[in-house]
1. Arrange the following residues from fewest to most other Cβ atoms within 10 Å of their Cβ: K92, K145.
2. Debye sum, Cα scatterers, segment 1-125, no solvent: what log₁₀ I/I(0) at q = 0.11, 0.17, 0.19, 0.20 1/Å?
3. Extension gain R252-Q111, at 0.36 nm per residue separation less the Cα-Cα distance, in nm?
4. List residues of segment 212-239, by number, whose backbone nitrogen lies under 20 Å from a label position 7 Å along Cα→C-beta of L104.
5. How big is D, in µm² s⁻¹, for segment 121-276 by Stokes-Einstein at 4 °C and 1.567 mPa s if Rh is the Kirkwood radius over C-alpha pairs?
6. Rounded to the nearest 5, what % of the DSSP beta bridges within the chain are antiparallel ones?
7. Can you give me the distance in nm between label points at W67 and E366, each placed 7 Å from the Cα along the Cα-to-Cβ direction?
8. Under DSSP H, which helices of the chain have Cα atoms covering 18 Å or more of the helix axis and a Kyte-Doolittle average no less than -1.0?
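Every read-out reported here was derived from the displayed coordinates using simple, explicitly stated rules and does not represent laboratory data. Computed from a predicted model, the values in this text were never measured in an experiment. Glycine also receives a Cβ, built like all others from the backbone with ideal geometry; neighbour counts cover every protein chain displayed.
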Amino acid sequence: MTPSHIATDVAIVGAGPAGSLAARRLAAGGAQVVLLERASFPRDKPCGDGVSAAGLAILSHIGLGEWASRFTAPEALRLSPPDGQPLDVQPKAACYGRTIPRRLLDARLAQTAVEAGARLVEGTRVQNVELAGGAGVTVVAAGLKVTAQLLILADGSHAPVTRKLGLAQGPPRFVAARQYFAGDIGPPRRMEIHFQNGIGPGYTWLFPMGEGRVNVGTGSSIRRVRQGQASLREILARFVADPRATDGRLARAEPIGPLQGHPLRTQLGDTRTHAERVLVAGDAAGLVNPLSGEGIAQALESGELAAAHALAALEAGDFSARALSPYSRALEARYGPDWRAARILQLALNSPRLLNHVFRRLRRDEELALLIAYIIIGHKSPRLALRPTTLLRLLT
Ligand SMILES: Cc1cc2nc3c(=O)[nH]c(=O)nc-3n(C[C@H](O)[C@H](O)[C@H](O)COP(=O)(O)OP(=O)(O)OC[C@H]3O[C@@H](n4cnc5c(N)ncnc54)[C@H](O)[C@@H]3O)c2cc1C
């Protein structure tokens with residue numbers, strides 16, 4: 001059977017937050033866009049479902065503010081160091097973001113792309129991409145060929161197509177898994193982050209979802225998980241059963257659905273984010289915050305940014321690597337310094353002794369505790385923790 005053929009300005013692989021935002025912006029800017037997605041909506045994506053304040057601002061900007069406001073907004077934060085003595089902090093309400101199930105968020109975002117005029121092709125796994133220089137890009141899926149002037153890769157942390165093109169080097173360095181629970185989950189609007197022994201630089205989280213449900217998950221570096229010789233499933237089971245961790249709350253709650261895991265690409269430098277006729281956005285570009293593990297806001301932001309650069313390239317008719325390079329420079333300027341600082345702070349998360357020490361300081365210094373809380377939830381730059389005056393307060 002001859003595959004059907006679509007000719008378009010821009011082809012996008014992956015309709016997660018990055019791909020859908022790119023498609024929406026391009027279509028709104030007058031470009032023809034085909035958005036190719038392996039799954040069919042509504043589809044799930046293993047995630048903590050925590051959309052940060054920065055992510056919410058982008059949702060508002062694209063007209064989804066009211067839609068997002070129906071989801072649970074945490075009002076308190078509990079941080080728990082390896083010694084198990086919790087520290088309760090109270091960031092300003094507007095800084096938490098909201099817990100929005102990805103099954104709903106991603107379907108809504110894909111819908112906004114379609115409403116703007118993008119053509120969404122679901123249930124279609126992209127198998128190959130042919131870059132034919134002056135002739136454009138051909139995207140190949142079962143039974144379908146799409147030819148385009150430009151390709152945006154938003155294929156997530158597995159990044160199968162980005163890797164196939166040789167743009168993503170090396171495997172992802174982090175991995176995380178989550179499961180939903182229902183029952184007595186504690187204060188219904190409290191977010192919890194537990195720095196368990198043995199999983200640094202990762203942590204275990206509880207994000208409230210409303211109606212007695214909570215998103216519980218754990219993540220760490222793949223190296224650490226392998227060193228500890230325990231799977232994320234075993235780490236989470238231990239956490240749930242530990243009476244100290246959540247006063248036995250989770251052991252009494254009911255798991256809803258399976259534990260699901262996914263890798264996280266946190267290394268900006270591991271991906272070449274542009275090449276002739278190609279831009280890479282979201283997780284595939286290594287934009288997951290190395291400290292908090294959050295990536296939704298960056299996926300949304302980089303999707304928009306990639307679209308803006310794609311529109312400029314279409315306007316100029318220049319798709320050379322050189323013409324597209326300002327996109328990579330913009331990503332580096334936006335995230336590079338913070339990602340490098342975050343990796344330094346990861347060293348502290350690797351040491352339970354140091355972490356317990358820092359928490360003893362935080363208990364005596366409310367202002368410092370608030371700053372560290374903001375950094376942990378991705379609301380403030382990790383660079384702030386590395387200022388000499390802050391380091392002095394944290395360590396002495
Ligand atoms: C357990 C866990 C918890 C997390 N918690 C949070 C959190 O609370 N807050 C937060 O901000 N971030 C969190 N993250 C990170 C967040 O999930 C990602 O940063 C975000 O999903 C990135 O969006 P994306 O669009 O780049 O990629 P994705 O959301 O992964 O979307 C990629 C899309 O590409 C599609 N695709 C892949 N290959 C192909 C192909 N060959 N053909 C067609 N389609 C393809 C996939 O089906 C998918 O729909 C978490 C991650 C994990 C693993």
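1. Values: K92 10, K145 16.
Neighbour counts put them in this order, fewest first: K92, K145.
2. -0.47, -0.88, -1.02, -1.09
3. Details: separation 141, 0.36 × 141 = 50.76 nm, distance 3.79 nm.
Residue separation times 0.36 nm, minus the Cα-Cα distance, leaves 47.0 nm.
4. Residues 212-217 qualify, since their backbone N sits under 20 Å from the label point.
5. Estimated diffusion coefficient is 71 µm²/s.
6. Numbers: 46 of 70 bridges.
About 65 percent, rounded to the nearest 5.
7. 4.0
8. On the way: long enough: 102-116 (21 Å, -0.13); 296-316 (30 Å, 0.83); 321-349 (40 Å, -0.19); 352-364 (19 Å, -0.95).
In the chain, the long hydrophobic H runs are 102-116, 296-316, 321-349, 352-364.
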